[in-house]
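K.L.:
Mind having a look at this structure? Questions to follow.
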Amino acid sequence: MAQLIGGLGTSHIPAIGNAIHKGLQNEPYWKPFFDGFPPIRQWLGEKKPDVVVMFYNDHGLNFFLDKMPTFAVGAAAQYNNADEGWGIPTLPPFPGEVDLSWHLINTLIEQEFDVTTCQEMLVDHACTLPLKLFWPEGDCPVTVVPVCINTVQFPLPSAKRCYALGKAVGQAISSWDSDKKVAVIASGGLSHQLDGERAGFINKAFDLQFIESLTTNPEWATQFSVHELVEKTGTQGVELLMWLAMRGALATASAGVRRVHSNYHIPISNTATAVMALETV
Ligand code: DHB
Ligand code: FE
């Protein structure tokens, strides 16, 4: 059976792609963010996952407000980046892992998560940036199964539901008939708000408690409703639902987790950024 080696999380601001493209990683503005990655890349170099399941949110690129699935799973042989701006100008398509996609879809639907199945799916910065951040050199060495969670148009799924989705994904990975090594990734957050009266809102105290909870008390954030999460983390901070799904996946695959490394830095653009790696133990 496949082995779930751990979980990764990172923020996904489009401007990061621009910084990568222009080689700004060591500039004073960017360094505190990019410095979070080398210890995690080293761990990935030792563990060498073959496949990643990516929890991310589409920002109106593949899905728009007229058709917005709550949960959607990619089942394509490759995923093209079609993000419209700010980021890395050209990226080769990312290779899919079709066999795991269908195993995931079948398992999730059996477990009453009625996901939307996408045999074609364009991806945006939320899916492409984590891959470039964790594997910056050359072609992407992992295949990908994108799992899209709606954090864009209300009603959004609850924190509890996203954690449960993650658990079901973890079970599916562990029961996948393959000798491949799999990692789960959360793309998004932490606190940020891009629009309205509270644009620029950041909540460091909540973010730090949330990061801590992922190691010590993973269900902590499931006590909050989505509206409470928006209040505490901002309209886009609710992207932290991805981190709960990622952590839920690890909860089924292991007795516990070890924090390999984490980093928190304010701000990049409008966002409080975090990066983290958790190893299953
Ligand atoms: C920003 C953050 C995001 O999560 C996003 O999807 C787009 C922009 C930002 O802070 O600029
Ligand atoms: Fe976003």
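K.L.:
Name the residues in the stretch 52-92 that are out of contact with any Cys (no Cβ under 8 Å at 6 or more places or on another chain) and small (Gly, Ala, Ser), would you?
P.N.:
Residues satisfying the conditions are Gly60, Ala77, Ala82, Gly85, Gly87.
K.L.:
How do the pairs read when you match residues in the stretch 135-156 that are more than 16 Å from ligand 2 (Cβ to nearest atom) with residues anywhere that are charged (D, E, K, R), using Cβ under 7 Å and keeping only pairs 6 or more apart or on different chains?
P.N.:
Val142/Asp50; Thr143/Asp50; Thr143/Glu97; Val144/Glu97; Val145/Glu97
K.L.:
Separate question: Consider the stretch 4-19. How many of its residues are surrounded by fewer than 24 Cβ atoms within 10 Å (Cβ to Cβ) and either of a type in the set (Gly, Ala, Ser) or over 19 Å from the mean Cα position of the chain (by Cα) (or both)?
P.N.:
Of the residues in that region, 4 qualify.
K.L.:
So His125 passes all but one of these: (1) farther than 20 Å from Ala82 by Cβ; (2) in contact (Cβ under 8 Å) with a residue 60 or more places away in the chain. Which condition number does it fail?
P.N.:
(1)
K.L.:
Moving on to the next point. Quick check: is even one residue across the stretch 15-34 within 16 Å of ligand 2 (Cβ to nearest atom), in contact with a helix residue (DSSP H, G or I) (Cβ under 7 Å, 6 or more places away or on another chain) and not basic (Lys, Arg)?
P.N.:
Taking every residue of the stretch 15-34 in turn, at least one turns out to be within 16 Å of ligand 2 (Cβ to nearest atom), in contact with a helix residue (DSSP H, G or I) (Cβ under 7 Å, 6 or more places away or on another chain) and not basic (Lys, Arg).
K.L.:
While we're looking at this one, here's another question. Check the stretch 192-203 and report whether any residue there is closer than 21 Å to Phe33 by Cα, without any contact (Cβ under 8 Å) to a residue 60 or more places away in the chain, within 16 Å of ligand 2 (Cβ to nearest atom) and part of a helix (DSSP H, G or I).
P.N.:
no
K.L.:
Say we look at the stretch 177-210 and pick out the residues that are surrounded by fewer than 22 Cβ atoms within 10 Å (Cβ to Cβ) and hydrophobic (A, V, I, L, M, F, W, C); which of these is farthest from His125 (Cα to Cα)?
P.N.:
Ala205
K.L.:
Give just the number: which of (1) away from ligand 2 (no atom under 16 Å from the Cβ); (2) at positive phi; (3) surrounded by 14 or more Cβ atoms within 10 Å (Cβ to Cβ) does Val115 not satisfy?
P.N.:
(2)
K.L.:
Same structure, new question: Quick check, is Ala245 among the small types (Gly, Ala, Ser), crowded, with 20+ Cβ neighbours inside 10 Å and within 14 Å of the chain's Cα centre (by Cα)?
P.N.:
yes
K.L.:
Assuming Trp243 fulfils every condition listed in (1) in contact with a Phe, Trp or Tyr (Cβ under 7 Å, 6 or more places away or on another chain); (2) hydrophobic (A, V, I, L, M, F, W, C); (3) within 16 Å of ligand 2 (Cβ to nearest atom) apart from one, which condition is it?
P.N.:
The number of the failed condition is (1).
K.L.:
Same structure, new question: Tell me which residues, restricted to the stretch 170-186, are farther than 17 Å from Ala221 by Cα and in contact with a Ser or Thr (Cβ under 8 Å, 6 or more places away or on another chain).
P.N.:
Gly170, Gln171, Ala172, Ser174, Ser175, Ile185, listed by residue number.
K.L.:
If you don't mind, there's one more thing I want to ask. For the stretch 52-73, does any single residue satisfy the condition of being more than 21 Å from Val145 (Cα to Cα), within 16 Å of ligand 1 (Cβ to nearest atom), crowded, with 19+ Cβ neighbours inside 10 Å and modelled with pLDDT under 95?
P.N.:
no
The values are calculated or read from the model by the stated rules, or taken from the named source; none is laboratory data. Because the structure is a prediction, the values reported are computed rather than measured. Because the Cβ atoms are built from the backbone with ideal geometry, glycine has one as well, and the counts that use them run over all protein chains shown.
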